[in-house]
């Protein structure tokens, strides 16, 4: 474990550093596996057993049936880097955060559990299983369709008081992950890396990593459409 009970208790007094986060998804989309991976990242279980332990499936019937039936919470300690917080303008006390992670059922029969969890939630982590056995370009097209469909749904129930709640990969508000293998990234991660490597502006690199932007390493040029060259690939796929 990467934190102690005393550390957890201390952070409970920092009300601006507490986040309640629900993990929601359709049944069998990997929600509990991703939750296990986050629990492993916090040092509570080993990464090797993430996806098998199912930490938040605590009931006997959940273990027997292999599905989540009741919403279950687990508290995680996480320390943010100064770099990650530089654009955050809200109130906070230091860089330490208490994340109350709530794993909710994915089956429609238990939707009341999801509704109850979302009522106490600050953020929702929506898990969508959309890729299996495809190449880079096919993966991009699948990602794009899933994101567009999600934005259509969010726009339907949009509240003007909340502002724009849609998500955009080029703004760093979409994360691509594999809970079973314990990795995740946003385009921000790669934009920072390549902006430093190539000496270009980070925001411009972000824009080029999504949408109709293609790069050919043979000519070292960006274009707004595929030139047909075997080395010309979409920025998202290339990098």
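Derivation of every value follows stated rules applied to the coordinates shown; laboratory data play no part. As the structure is a prediction and not an experimental result, all values here were calculated from the model. Here the Cβ is made from the backbone with ideal geometry for all residues, glycine too, and neighbour counts use every protein chain on show.
Could you pull the Cα extents of segment 166-222 along its three principal axes, largest to smallest, in whole Å?
Principal-axis extents of segment 166-222 (Cα, largest first): 37, 27, 19 Å.
When only Cα pairs under 8 Å and 6 or more residues apart are kept, what is the percent relative contact order across segment 1-128? Could the numbers behind the result be given before it?
Values: 211 pairs, mean separation 51.1, N = 128.
So the answer I get is 40 percent.
Taking the Kirkwood radius as the inverse of the mean 1/r across Cα pairs, report the Rg/Rh of the chain. Walk me through the numbers on the way to the answer.
Working: Rg = 19.8 Å, Rh = 20.0 Å.
Across the chain, the Cα-based Rg/Rh ratio is 0.99.
Please arrange 77, 168 by how many other C-beta atoms lie within 10 Å of their C-beta, fewest to most. Walk me through the intermediate numbers first.
On the way: 77 19, 168 15.
Starting with the residue having the fewest Cβ neighbours, the order is 168, 77.
I'd like the orientation of helix 31-41 relative to the chain: the angle between its Cα long axis and the longest Cα principal axis, in ° from 0 to 90, rounded to 10.
90 degrees
Rounded to whole Å, give me the distance from the Cα center of segment 5-67 to that of segment 139-178.
Centre-to-centre (Cα) distance: 24 Å.
Explain nothing, just the number: relative contact order of the chain, from Cα pairs under 8 Å at least 6 residues apart, as a whole percent.
Values: 346 pairs, mean separation 45.8, N = 239.
Averaging sequence separation for qualifying contacts and normalising by length gives 19 percent for the chain.
What percent of all Cα-Cα pairs in segment 1-128 falls into each 5 Å bin, going from 0 up to the bin containing the maximum distance?
Bin by bin from 0 Å, the calculated values are 2, 11, 19, 22, 19, 14, 9, 4, 1, 0.
Fewest first, what order do 210, 183, 222 take by the number of other Cβ atoms within 10 Å? Write out the running numbers ahead of the final one.
Working: 210 21, 183 10, 222 13.
So the residues, fewest neighbours to most, are 183, 222, 210.
How much length is gained on full extension from residue 48 to residue 86, taking 0.36 nm per residue of separation minus their Cα-Cα distance?
Numbers: separation 38, 0.36 × 38 = 13.68 nm, distance 3.27 nm.
Fully extending the segment from residue 48 to residue 86 adds 10.4 nm.
By how many degrees, between 0 and 90 and to the nearest 10, does the Cα long axis of helix 136-156 differ from the longest principal axis of the chain?
Once rounded, the angle reads 60 degrees.
Would you mind getting me the FRET efficiency between residue 180 and residue 151? Use the beta-carbon distance for r and R0 = 25 Å, nearest 0.05.
Working: r = 26 Å, r/R0 = 1.05.
According to the calculation, E is roughly 0.40.
What does the helix-only formula give at 222 nm for the chain: each DSSP H stretch with n ≥ 4 adding -39500 (n - 2.57), the total divided by the residues, and the result rounded to the nearest 500 deg cm²/dmol? Mind showing how you got there, number by number?
Details: 9 runs with 80 residues, N = 239.
Value at 222 nm, helices only, nearest 500: -9500 deg cm²/dmol.
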